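What follows is calculated from the coordinates using simple rules that are stated; it is not laboratory data. The structure displayed is predicted, hence computed values, not measured ones. Neighbour counts run over all protein chains shown; Cβ positions are idealised from the backbone, glycine included.
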Amino acid sequence: MSKQHIGIRFVFLWLICILMAPCCQLMADDDLSLEDRQRVAAIERYRIHAINRVIQSVVAIYDEDRQGGGSGVIIDPSGIVLTNHHVIMGAGIKGWGGLADGKLYRWKLIGTDPGGDLAIIQLEGKSVFPATPLGDSDKVRVGDWALAMGNPFILTEDQAPTVTLGIVSGVKRYQPGAGQNQLVYGNCIQVDSSINPGNSGGPLFNFKGEVIGINGRGSFKERGRVNVGLGYAISANQIKNFIPDLLATKLVEHATLDASFSDRGGKVVCSQLNRDAPVATAGLDLGDELLAFEGEQVKNANQFTNLICTLPENWPTELLIRKQDGTEHQIVVRTFGLPYAKPRARGGQGGKDEKDPEKKKKLERQRQMVALLSANPGDIRYPEINRGYARRILEQWKESVNGDSSAGVAKLSGEILEGGKALGTQETWLASDGRIRVNQVLDGQLVVYQYDGNSFWATEAGEATELSLQEAQSRWGFEQALMMGSVFRQKPLDIFGQVLIDGSDKAMGENAYRFKVVPSEGDAVYCWFSMFDLRGKPKVSLVKSSLERDCLIDGGSTFASWTQVGPVQLPLERQKVSGLEENIELQVIDSSFEWLKSVGDDLFSANVQTK
Amino acid sequence: MPVEILRLVVGCLFGLLVNPFALTIAQTDSDQGKVDAVDAAVSELSEAELMEAMVLTSKAFRNAARRVTPSLVTIESYGGVSAVQGRIGGIRKQGEGNTTGIVISSDGYILTSTFNFIQRPPVISVILGSGERHFAKLVGRDDTRKICLLKIDGLTDLPTPEMVDESKIKIGQWAISLGVGYGDTSPAMSTGIISAKNRIGGRAIQTDANISPANYGGPLVDIEGRVLGICVPMNPQSQAVGAGVEWYDSGIGFAIPLANAKKLLDRLKAGEYIRPAFIGIQSGPNPLGDGILINKVNPKSPASRLELAEGDILLNINDNPVNDMLRLKQLINRFEAGETIRITVKRKSTGSEEQLEMPLDPPPTNAKEPLALPKIR
Amino acid sequence: MFGWRIVFLIGCGVLMAGSHLAVAQQKAQPSFIDQAISNAQPKMVKVFGASAGKVEGFATGIIVSKDGLILSSQGVFLDGRQVKVVLSDGAEHIATILKRDRETQLSLLKIQATTPRFFELSTDAVGEKGDWVIALSNAFKVADKDEPVSAMLGVISLRTTMEARLTKRDVAYRGELVLIDAITSNPGASGGAVVTPNGKLVGIVGKIINSSETNTRLNYAVPSSVLHEFVDGKASVTKESQPAMERQDVEFGVVLFKLGGRNNPAYIDRVVRGSPAAKAKLKSDDMIVSIAGEKIGNLKDYAESLKSLRAEEEVLMIVKRGVEMVRVRIAPRLKK
């Protein structure tokens, strides 16, 4: 054979090898190679897995008689379920929920938000439920895949939900409400995934195993209430703003500034203003231009409306305004609430209806709903249930910062700064048995704070004074340490009294639970626990504490840079902040830390001579 | 020569071993490690690759349609009752066009939807994939599944489609509906996913692909062109032949799986008329405890024949407890007229519980049935 | 001897594998229609006009030239005093109506603005059955001012020509349609864009019409080739290019069985002696199945069919005789 001949045969064989390499027992299609079919199959399989990850957390919601249809999703393994307010209006304050495991579990209503059509119910009957966490709805883009799951037309017979696939058709959409300030969908997600009556309250998932919204509305016209490709979901980020208020067992109102803005000549200006509103007192005037709201640039009035729809009453909102004279101002105020019409209590037909057991049941349910909607918005309707959630959140936090409970003392040392300039130093000892000592040197003066397990002491210029809990809390150095010492306590914050979830709030720019701790005597103290970590995963962390809700009088303390010190995590950076703006006044940055197995007992007792 | 063969073999083996996508063919779902690897690979595709994969998916849709089209038939109806009275979900009358069917055995049995014959046409013809037109006769009918069986005579080698075993159907997989109802010889296609299984008395799978009179009686296929089921209108609230059409193209659609349906098809071939079950009571949940409280018993019904009376409590059916109306309806839906169920009843008269055998009737015939349609919601 | 060839083969195998792995490592994760949507949005407009009773006064439109030409659907919203067009950046313009056509249900509008981003109208068919399409429209006028119009995903269901009408009063649409399975049959959606993931325009969303075949709402695009013709105005837009011929009254010479009404199948009662039917050897009890390819479902269909036939012009007729299918060639005669 000639060399050329060999070469050609080789190339020919090489080509055959290349083509046959993804070898197979099946013949490829004329159009698609086997590899192509595998690629197509891989995409399909990916979606099937994405569905399997989340389908267990979808709830088919029924009333007590297993009638009616709505949907929900479990967002926490303890059985916390999100659904629509209008679903519980139909179902009542308790009922049955079906899961994909085929079983029915009881649920009861915890809190509801008629303004934004959101409610939280609690599932019972298991210690750990399959749950899917909330994602970041700001990352959702038009064209993203969107999976809707729920129980449209009450089709499920084995409690497995209906799954429909579509795309995100629009973001930051607005759908007007019904009734007085109710069922408004602002800044919501629009999808073409099929959503029908019965899907309400159910989840909208992305392919990453996250809830990006709660489905609840659709556009319908000539075909009656049958999907025509436009469904709307409450955004996950709006839901995050309401979770603490709902877990607190409230009837929640939505935010208003008591001011309106309109588009005028390309600018967004304040066109209506209640002179007594906090935002007016804080400096807003008619005609002022709104530049940014809640950190987002505002280009038209619709945008403002959309954004404020996502906020609850009492939310610390930030406005950047430009006044008529051209100066720019930052205003931070808490919002008022948009009221709901109080339901007219329907006087029952009395005796006659009471005798018919079915009618009696119906009347009872009506009464329950009237009672629910007549509650004072913002009131904690069931303190015991509220406390249960508060305790659980604190337990979660405690576990994440102290898994070990081994004995010892954490010692932190660092500098006190003001505006970047060193003002002094601070040493903090926190013992695992709860005792505390702080050596604070400011402007050359040493103050020693001590807690020996029973009483609080402050020693200044050699003089030891006993403090009440209240007084101890008003000393910034002591207050920080008392808070940090919570990592060691059996029940965090019990030193301060009984804990309650006070409501939704923002702390240091993040979604937070605002806790209120009420002592047997004296004033309450507030603590803020953030809800999510930097990546958006659910994680509870102590962020702020203060004697006053808006950190006005003595300011508040913030806690950051949580670092492992021995068996616990402690915040190595603390700040003294004031006001709703959280202006930083002082900082403590601990540059060194150690875990000591033991220290002298007299470290924590007063009357120790100062150095 | 042997040397080249050796190279060939080595090349093939090497390519097989090294190509990661080839690995997926050997994969089973229990192999979680490999599954996660596929997920990771897909979730990290660049936009260009994702686009390419979706373009390939379109080709796969077309291939799937091509594969099943030889077994797809066009059904023509001649005559029948005039426009059906009333509106069905916004539709003023049944369309005038042709409808769709599927050849299910090579000797000329064709399955289609009863919806296509709402007008009771006396004459039916079928245009096969080959283009030939044959007259067909109605052989068997199943009102619980909204399907009926036609027969053409004189043929032996009609192409039949591959079917997918119901147990292998997965939620989230592609589902493609095909039908000739728009009048073109080429079937119209809609794509979606499988939304659920075990619907409507456990008889149907559910999809969000468009299902409508354009494809009732036509196939719902997977990405490989294998038949998942036959498209039909369904609504658990009503067994009327047109019930469910109000949900056309709404993302709520149903198909009857056929792969495991040999017994059913034999019954239809034998000319059976399968009808839904009816017991003949009006009831509500028992406000004082378990079970369903009977408020009224229809005359000449299965309930009346067992002498059930107002005030009696129905506790369970075939050992399944019944405590609410939804459950009652769903349980009864699972049966057919002619079957017998075992019920436990607590008699008001005696206060004691009895176990009874109840043969099930079909729903009472309503002379207006062909024209009577479910009210729009 | 052959060692280097083995190495070469192995090398190729590795390269192939490697390319797959490298591919898998690349960063994620926009959607596959992201580009198409963001490229299309600047070319979309919202159209607002007059409403008439229940019919909405808004629609969608697409920009088709750099100097403000806009294509939309034809409808009562154009009948009011003013037609307002809102561009994707929120800028509002009053539009003048250059053309409107009831046959194709299209309209051409003009605004005084420079519109550098516009859709090219292809004369060829864009997209085939099974291809993904994105429908962009302002259905239900969800988008206000500068908010982007809504996007829906579907596939092309069928490319076809068909007859469709909404109510008896509407003009029947007889044009080419690209049926899609995304639900575009919604108020205000007509005039929207239907594009491929590559950003090419398949057509514009058509008006709400029912298919007479299925009596269901049709979701479709008016194809770009039809749009091109309309905008260019070169070819006649009406499909009836043939001069309307004078209708003849023809017959085959059969008497059909009339008992039962016009919905009965077309059974032959008797054949008139010496008629075309007799010559074609049609018999009593034959049932007419189709004439010239059109199905004869009932007596009404038969009567309609006769209207379009011409005397002495042969057509194919299929009849059912017992269980047999019989084909005859037959030409009708003028009615006496």
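Principal axis analysis of the Cα atoms in chain A yields extents of 99, 97, 61 Å, listed in decreasing size.
Computed from point charges on the beta carbon alone (+1 for Lys and Arg, -1 for Asp and Glu), the dipole magnitude for the range A:523-593 about its Cα centre is near 420 Debye. Here, the range B:281-359 yields an orientationally averaged convex hull projection of 4.7 nm² when only Cα atoms define the hull.
Kirkwood radius for the range A:463-514, taken over all pairs of different Cα atoms as the inverse mean of 1/r, rounds to 12.9 Å. Projecting the Cα atoms of A:TYR451, C:ALA292, A:VAL370 onto the dipole axis of the protein assembly as shown, where Lys and Arg carry +1 and Asp and Glu carry -1 at the beta carbon, places C:ALA292 farthest toward the positive end. Relative to the compact-globule estimate of 2.2 N^0.38 Å, the Cα radius of gyration of the range C:194-336 comes out at 1.43. Restricting the calculation to Cα atoms, every distinct pair contributes to the Kirkwood radius of the protein assembly as shown, found to be 35.6 Å. Rounded to the nearest 0.05, the FRET efficiency derived from the C-beta distance between A:GLU573 and A:LEU104 at R0 = 45 Å is 0.40. Which percent of Cα-Cα pairs in the range B:45-274 sits in each 5 Å bin, short to long? With a bin width of 5 Å, the distribution comes to 1, 7, 15, 20, 21, 16, 10, 5, 2, 1, 1, 0.
Distance between the C-alpha centres of the range A:113-174 and the range B:257-276: 38 Å, rounded to the whole angstrom. So what is the 222 nm mean residue ellipticity for the protein assembly as shown from helices alone, if each DSSP H run of at least 4 adds -39500 (n - 2.57) and you divide by all residues, rounding to the nearest 500 deg cm²/dmol? Calculated at 222 nm, the ellipticity per residue is -6000 deg cm²/dmol. Shown is the FRET efficiency for A:ASN376 and C:LYS307, computed with R0 = 51 Å from the Cβ-Cβ distance and rounded to the nearest 0.05: 0.10.
Rounded to the nearest 20 debye, the dipole magnitude of the protein assembly as shown is 5840 debye, with +1 charges on Lys and Arg beta carbons, -1 on Asp and Glu beta carbons, and the Cα centre as origin.
Scaled against 2.2 N^0.38 Å for its residue count N, the alpha carbon radius of gyration of the range C:250-334 is 0.96. Its Cα centre serving as origin, the range B:243-333 has a Cβ charge dipole (Lys and Arg +1, Asp and Glu -1) of approximately 440 debye. Semi-axes of the equivalent ellipsoid of the range A:385-603 are 24, 20, 18 Å, computed as sqrt(5λ) over the eigenvalues of the C-alpha gyration tensor in descending order.
Across the range C:36-110, how large is the tail of the calculated P(r) beyond 17 Å, expressed as a percent of all Cα pairs? When all Cα pairs of the range C:36-110 are counted, 39 percent exceed 17 Å. Of all aspartates and glutamates in the structure, the ones whose alpha carbon falls short of 15 Å from that of B:LYS263, not counting any fewer than 8 places away in one chain, are B:ASP142, B:ASP165, B:GLU166, B:GLU272, B:GLU336. When both the range A:203-239 and the range A:36-62 are represented by their alpha-carbon centers, they are found 18 Å apart. Going by the alpha-carbon gyration tensor, a ≥ b ≥ c the square roots of its eigenvalues, is the range A:53-247 rounded (a/c under 1.5) or, if a/c is not under 1.5, prolate (a/b greater than b/c) versus oblate? Taking the square roots of the gyration eigenvalues as a ≥ b ≥ c, the range A:53-247 is rounded.
Estimated from the Cβ-Cβ distance and a Förster radius of 30 angstrom, the FRET efficiency linking C:ARG262 and B:GLN237 is about 0.30. Considering only B:THR365, A:ILE385, A:ILE167, and ranking their Cα positions along the charge dipole of the protein assembly as shown that arises from unit charges at the beta-carbon of Lys, Arg, Asp and Glu, the one farthest toward the positive end is B:THR365. Label separation (C:ILE94 vs B:SER105): 7.4 nm, computed from points 7 Å beyond Cα along the C-beta direction. Orientation-averaged projection of the range A:96-156 equals 6.3 nm² [convex hull of Cα atoms, one quarter of hull surface area]. Dipole orientation for the protein assembly as shown: of the candidates B:PRO257, C:VAL55, B:GLY108, B:GLY108 has the Cα lying most toward the positive pole (charges on Cβ; Lys, Arg +1; Asp, Glu -1). The share of alpha-carbon pairs in the range A:234-370 lying farther apart than 27 Å comes to 39%. Determine the alpha carbon to alpha carbon distance for each of A:LYS108/A:LYS361; A:LYS398/A:LYS576; C:LYS295/C:LYS335; A:LYS94/A:LYS506; A:LYS126/B:LYS197 and list only those over 20 Å. The pairs that break the limit, which is 20 Å between Cα atoms, are A:LYS398/A:LYS576; C:LYS295/C:LYS335; A:LYS94/A:LYS506; A:LYS126/B:LYS197.
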